[in-house]
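*Asks:* Quick one: the structure is below, questions incoming.
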Amino acid sequence: MPIDLETPNTEEALLWVPRESAPGLAQRDLHLWRVPTGTSDATEELRLRACLEMLGKDQRTRAQGMTHGTYRGRYILAQAGLRRILGLYLDAPPAALAFRYGPAGKPALANAPPGFEFNLTTAGDLALVGISLGSALGVDCEQVRPRRGLAAIARRMFEPGRAEAIAALPESEALEVFYGAWTALEADAKADGRGLFRPRPPGDRAPEIRHFVPARGYIAAVARTRLPPVSAWQTLELVDDRFR
């Protein structure tokens, strides 16, 4: 799936506001939630048990089958964070939410209000949840770090000029350009739920895409038919005082 993208401008600073409740959501609004998913201190086992109870049966089974503790913890916290955030908007317990899935696996709420859209992305110790009303939404985040076979992946996924440019750049610059193009590609494909390797249907309009930095060492992209200016975004961080 070739894609031709400009180098992302990620210099705009975002202030992530701690929240335990959902702000009002109007047409054309964009809400981005940041959910820390790292586990390290002695309180985490209690937190993980509580979060595990918020998940659906299939999610709990999947989590309990994970043998890698770090990945298991990240999965539980990301999925519970998504359910908590959605529950804030719908005034529903996280465990009571039911999902349905599109042909390529994109989740949607089974009984969502008309036009309610969300998207989850995870990378390293971070998850992001995008919330929108009336427009399909895609969000992707990546941790910027060395990756084997960067040039080969670029040749496969991006248009020839971009792949050649990535191959010619010093590693530090190539990583930024690569991950900028990759997150845009993923966010675009997630917005309409077609999947990464399926072409856009003829006549469908490409979404607007904007990059941002959700945390040091990460890059993210959001895709929607029409995006509000960055100054109008609401950028929030999910907190839970029970585990502080």
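The values are calculated or read from the model by the stated rules, or taken from the named source; none is laboratory data. None of these values were measured; they are calculated from a predicted model. Cβ sites come from the backbone with ideal geometry, for glycine too, and all protein chains shown count toward neighbours. Only protein heavy atoms, including side chains, enter the accessible area calculation; ligands, DNA and RNA are left aside. Shrake-Rupley method; radii C 1.70, N 1.55, O 1.52, S 1.80 Å.
*Asks:* Give me the orientation-averaged projected area of the Cα convex hull of the chain, in nm², one decimal.
*Replies:* Over all viewing directions, the chain projects a mean Cα-hull area of 13.8 nm².
*Asks:* Set the Förster distance to 22 Å, then compute FRET efficiency between Arg147 and Asp29 from the Cβ-Cβ distance, nearest 0.05.
*Replies:* So the FRET efficiency works out to roughly 0.05.
*Asks:* I want to check the label-to-label distance for Arg226 and Glu20. Put each point 7 Å from Cα in the C-beta direction and report it in nm to one decimal.
*Replies:* If labels sit at Arg226 and Glu20, their model points lie 3.7 nm apart.
*Asks:* Could I ask something else about it? Can you list the residues, at least 5 places off or on another chain, whose amide H is less than 5 Å from the amide H of Glu237, using H built in the peptide plane?
*Replies:* Val17, Arg19, Arg34
*Asks:* Next up: Just to confirm a number: summing +1 for Lys and Arg and -1 for Asp and Glu over residues other than Arg60 whose beta-carbon lies under 13 angstrom from that of Arg60, what do you get? Present the calculation step by step, with values, prior to reporting the outcome.
*Replies:* On the way: positive: Arg49, Lys57, Arg62, Arg72, Arg83; negative: Glu53, Asp58.
Here the charged neighbours net out to +3.
*Asks:* Run through every distinct alpha carbon pair of segment 52-101 and return the Kirkwood hydrodynamic radius in angstroms, one decimal place.
*Replies:* Computed over segment 52-101, the radius equals 11.1 Å.
*Asks:* Over segment 80-190, what is the relative contact order in whole percent, taking alpha-carbon pairs under 8 Å and six or more residues apart? Show your work: numbers first, answer last.
*Replies:* Working: 128 pairs, mean separation 19.4, N = 111.
Reported as a whole number, the value is 17 percent.
*Asks:* Using packing as a proxy for protection, rank 169-182, 109-122 so that the peptide with the highest average count of other Cβ atoms within 10 Å comes first.
*Replies:* Going from most to least packed, we get 169-182, 109-122.
*Asks:* Another one. At q = 0.18 Å⁻¹, what log₁₀ I(q)/I(0) does segment 131-244 have when each alpha carbon counts as one equal point scatterer in the Debye sum?
*Replies:* Debye output, listed in q order: -0.99.
*Asks:* To continue, here is another question. Sorted by accessible area with a 1.4 angstrom probe, largest first, how do Ser40, Ser135 fall?
*Replies:* Ser40, Ser135
*Asks:* Find out how many positive minus negative residues lie around Gly134, taking Lys and Arg as positive, Asp and Glu as negative, among other residues whose Cβ is under 11 Å from that of Gly134.
*Replies:* Its environment carries a net charge of +1.
*Asks:* Taking 0.36 nm per residue of sequence separation and subtracting the Cα-Cα distance, how much length would be gained by fully extending the chain between Ala108 and Val239, in nm to one decimal? Each step should come with its number before you reach the end.
*Replies:* Values: separation 131, 0.36 × 131 = 47.16 nm, distance 2.35 nm.
Extending this stretch completely gives an extra 44.8 nm.
*Asks:* Next question. Which part of segment 30-57 falls in the paramagnetic zone of Ala96, meaning amide N under 19 Å from the point 7 Å along Cα-to-beta-carbon?
*Replies:* Zone members listed by number: 51-57.
*Asks:* Rolling a 1.4 Å sphere over the protein heavy atoms, what is the accessible area per residue of the chain, to the nearest Å²?
*Replies:* On a per-residue basis, 52 Å².
*Asks:* Debye sum, Cα scatterers, segment 40-128, no solvent: what log₁₀ I/I(0) at q = 0.13 1/Å?
*Replies:* -0.44
*Asks:* May I pose another question? Check which residues have an amide H placed less than 5 Å from Phe99's amide H, if you skip close sequence neighbours.
*Replies:* Here Ala110 satisfy the definition.
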